[in-house]
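Take a look at the structure below.
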Amino acid sequence: MSFESVSGAPEAVLVRYGELMLKGANRLDFENTLARNVRLALEPIVPVRLQREHARLLVFPQGRMEAVLQRLQQVFGISSVSPVWGAPCESEAIVECARRVLEDALLAIAPGETRRFRVLSRRADKRFPLGSMELDRLVAARIVQASHPLRIDLDRPELVLGIEVRENRAWLYARREAGPGGLPVGTLGRALCLVSGGIDSPVAAWMAMKRGCEVVFVTFHSPPYIGENAVHKVMDLVRVLGRWQRSARLYVVPFAPVQEALCDAGAESYRTILYRRMMQRIATHIAGLERAGALVTGESLGQVASQTMENLACIEQAAGLPVLRPLICFDKQETIALASRIGTYELSSVQTPDCCSLFLPRHPVLRGSIATCEEIEARLDVDQLVRAALANTQPHNLGHTARLRKVST
Amino acid sequence: MQPVYLDHAASSPLRPEARAAVLPFLEGEYGNPSSRHPLGARAAEAIARARETLAQALLVEPRQVTFTSGGTEAANLAVLGLARATRARGRHVLVGATEHSCVRACAAELAREGFEVELVPLDAHGEVDLAAFAARVRPDTALLAQMLVNNETGVIAPLARMAKLARARAASVRIAVDAVQAFGKLDCALCELGADALFLSAHKLGGPKGAGALALAPGVSCTPVLHGGGQEHGLRPGTENVAAIVGFGVAARLAQQQRPQWMTHVRRLRARLLERLTGLPGVRVVESASGAQEPGILALMLPGAPAEVRVHHLAQRGVFVSAGAACQSHARELSPALRAIGLDDESIRCLLRLSVNLSTTLEDIERAAQALLEVSRELERAAS
């Protein structure tokens, strides 16, 4: 119960989505997915009412406007959001409503400051008697007074009073927050991300989500060489990433037996590549269980010895699915900047050892060959190692409700 | 006959669910949450659950919630900690005119440390004067400490608007909100209020005494007041009061869930009581003129006898109420908050505070009204 809503707070959030418009026949499916993702994202905050409009979504936040706005900025597919005030489609009512919108916007302007200002209206309902520009002029003339800190500037406005005239109602706003863009999670299917506690792989997962993939996670853990805190760190990362989609599922694969077997097989300089090839094989199986269509990794060309072009080729050859590498041409600094924005950097930068740091070769091979990899692997029972690792794999659902799983199946 | 308890703003009885959750931690679950063995881990896990409950209600991350020994300690941490952390950016502090004594005392401490402390101006009705407030904010204003619901009158401060006005005029201002009387009644999500810090007390919402919490908005730094072993992310060292924190979590979850029912029920109680008291000579209600009123706290001015005399007379009839705020009664001075809203000393002396919650019944209200009428008649007779 908000007592401040009495004093004329905005009643809804106008959600705009960009790229979905381009998708022709799939649009309905995309819109449905977006609406569902919005509802799921807001569920822990407040049970909202949604209203579908042409190319827009209206969310009624029941008093939790700021929280809803913040949360919607984490829903992929949304290009921008605005708190909106509603008015009947009638010019006098629109002017009256514009006054209230402005009153709110002016609270945030210090005395003595000015703002370049304009009105910008759009008519979705062409039956409205005034043209957009006429409405702009009418509203501006009626609300901008000499005492206001507003100066009309059509070309470089700092404050825009937007008006969307729709069929039954006009929606007014003065604030517009950018959404994360991208496509609604789930519209491009599912992918399995190989995630470590490092900085890169969480960012790679986020980028796959941004392009519409629902991401399931797999991590490789080597007890007793590595402590449980390494897994907890990955879980925390997956929880943070889970906020950007509708689920947070993590498979934890015990990896020490594989690493021990590979050490026994010799060929120290190939060790890291061989670890990674085994990871691809295990991940491919888990992807099958999850009906995921691709693997996602945080690899970036030339970042470490295992990420040369030749070595990436060796690793990829063991995967049974396309491998998406969103960071392939990113500099480390670019990845760090993105990790900070996503909220994973702080967690990732806590130092914990991970399984890849075990039994590291002193001189890793820089230009590995697939033939050599296969030659070494022939000394081992690769299938048996994969089966054993899968048999001991633990799935974890780290999302906030069990319903998440139901939705995604 | 059970007494009619109308002093929930002073302390609310422990909820049975909270009691049940607390008991194991007074018995077999004695581990120190910092210990790594299962007993310790279970204690840590129980605290983590309580922290998640509060985080969910306040819409912050769990790690942004710090448990303290109660409302007063959380207020100290918020007011002193935020001001000290922003010291470099400004030395001007604005404090609500009707704050609880613990916030006023912290502000006095800041004044001794060289901060310049001013009060939030009030209008003729004793409510925040937004225009005058905006004019009082300066570019070097480092802290605004303002309560959401006043503990003596139930008047609600227009916090979201104050926050907007303050931030437009002081870029680095921190806003600390006393939500001790507000939680479970109003939405206390930090982002909705525009708060950087918000503090609570467990026993006001049916949790045990001895637990409180401070929530910080993302990116807000706070300087610890106590120094020790790094518990509570270093913000509040000392072994956690596990049992009280667990009870706090359960009470907070229920209070948050019952918020809609609370509002409907308590409004009905207030209306009934006011209707029954219209016959009292000279009775006046101290409340918000603009309707920004938390209905569970009723400040009644009953001229004639001092409120304290009335409190004792009512207690004899099994009706427990307060003369002003219970926490004020140690001080033996008249409430500065009530003075600030423009009441004269005589009016303050005869101010009764009745506060209810969801467990209060219409029958309780009936008995209280009856007792108030009887006591008034009796005191009148004695005076004549």
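Selection within region B:166-183: residues that are away from every other protein chain (no Cβ under 11 Å) and in a loop (DSSP other than H, G, I, E, B). The member of this set that is surrounded by the fewest Cβ atoms within 10 Å (Cβ to Cβ) is B:Ser172.
Of the residues B:Ala74, B:Ala18, B:Ala46, the single one that is part of a helix (DSSP H, G or I) and surrounded by fewer than 24 Cβ atoms within 10 Å (Cβ to Cβ) is B:Ala46.
At least 3 residues being surrounded by fewer than 17 Cβ atoms within 10 Å (Cβ to Cβ) and either in the same structural domain as A:His221 (by TED's automatic domain parsing) or among the small types (Gly, Ala, Ser) (or both) is the threshold, and among the helices (runs of 4 or more DSSP H) wholly inside region A:292-386 those reaching it are A:309-317, A:332-342, A:370-377. From the list B:Ala83, B:Ala145, the lone residue that is in contact with a helix residue (DSSP H, G or I) (Cβ under 7 Å, 6 or more places away or on another chain) and in a strand (DSSP E or B) is B:Ala145. If you go through region A:252-271 and pick out every residue that is of a type outside the set (A, V, I, L, M), under 30 Å from the mean Cα position of the chain (by Cα) and surrounded by 21 or more Cβ atoms within 10 Å (Cβ to Cβ), you end up with 1.
Mind checking which residues of region B:107-132 are closer than 12 Å to B:Leu143 by Cα and assigned to a helix (DSSP H, G or I)? Across region B:107-132, the qualifying residues are B:Ala107, B:Leu110. Which residue is farthest from the other protein chains (Cβ to nearest Cβ), if the candidates are limited to region B:240-273 and must be surrounded by fewer than 16 Cβ atoms within 10 Å (Cβ to Cβ) and either more than 30 Å from B:Glu29 (Cβ to Cβ) or modelled with pLDDT under 95 (or both)? The qualifying residue farthest from the other protein chains (Cβ to nearest Cβ) is B:Arg272. Considering B:Val79, B:Val65, B:Val120, B:Val103, the condition of being in contact with a Gly (Cβ under 6 Å, 6 or more places away or on another chain), away from chain A (no Cβ under 14 Å) and either over 30 Å from B:Ile348 (Cα atoms) or in contact (Cβ under 8 Å) with a residue 12 or more places away in the chain (or both) is satisfied by B:Val120 alone.
For region B:138-159, filtered to residues that are surrounded by 22 or more Cβ atoms within 10 Å (Cβ to Cβ) and at the interface with another protein chain (Cβ under 9 Å from one of its Cβ atoms), the residue that is nearest to A:Ile109 (Cα to Cα) is B:Leu159. Screening region A:64-154 for helices (runs of 4 or more DSSP H) wholly inside it with 2 or more residues that are among the basic types (Lys, Arg) and more than 30 Å from A:Leu183 (Cα to Cα) returns the ranges A:91-106, A:132-143.
State whether the residues of region A:58-65 include one that is under 30 Å from A:Ala205 (Cα atoms) and away from every other protein chain (no Cβ under 13 Å). Looking for residues that are under 30 Å from A:Ala205 (Cα atoms) and away from every other protein chain (no Cβ under 13 Å), one finds at least one in region A:58-65, hence yes.
Picking from residues in region A:190-239 that are under 10 Å from the mean Cα position of the chain (by Cα) and part of a helix (DSSP H, G or I), the one that is surrounded by the fewest Cβ atoms within 10 Å (Cβ to Cβ) is A:Lys210.
Within region B:188-228, the residues that satisfy the criterion of being surrounded by fewer than 24 Cβ atoms within 10 Å (Cβ to Cβ), assigned to a loop (DSSP other than H, G, I, E, B) and within 13 Å of chain A (Cβ to nearest Cβ) are B:Ala189, B:Gly194, B:Ala217, B:Pro218, B:Gly219.
Residue by residue, here is whether (1) touching a His at 6+ places or on another chain (Cβ under 7 Å); (2) under 29 Å from A:Glu158 (Cα atoms); (3) surrounded by fewer than 15 Cβ atoms within 10 Å (Cβ to Cβ) holds:
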residue	(1), (2), (3)
A:Asn37	no, no, no
A:Leu58	no, yes, no
A:Val68	no, yes, no
A:Val84	no, yes, no
A:Pro88	no, yes, yes
A:Glu103	no, yes, yes
A:Ala110	no, yes, no
A:Thr114	no, yes, yes
A:Phe117	no, yes, no
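Checking each residue of region B:89-100 against the condition of being assigned to a helix (DSSP H, G or I) and away from every other protein chain (no Cβ under 14 Å) gives at least one match. Among the residues of region A:143-161, is any closer than 22 Å to A:Pro184 by Cβ, buried (at least 19 other Cβ atoms within 10 Å of the Cβ) and either within 14 Å of chain B (Cβ to nearest Cβ) or under 30 Å from the mean Cα position of the chain (by Cα) (or both)? Among the residues of region A:143-161, not one is closer than 22 Å to A:Pro184 by Cβ, buried (at least 19 other Cβ atoms within 10 Å of the Cβ) and either within 14 Å of chain B (Cβ to nearest Cβ) or under 30 Å from the mean Cα position of the chain (by Cα) (or both), which makes the answer no.
The values are calculated or read from the model by the stated rules, or taken from the named source; none is laboratory data. From a predicted model like this one, the values you see are computed outputs, not experimental measurements. Neighbour counts run over all protein chains shown; Cβ positions are idealised from the backbone, glycine included.
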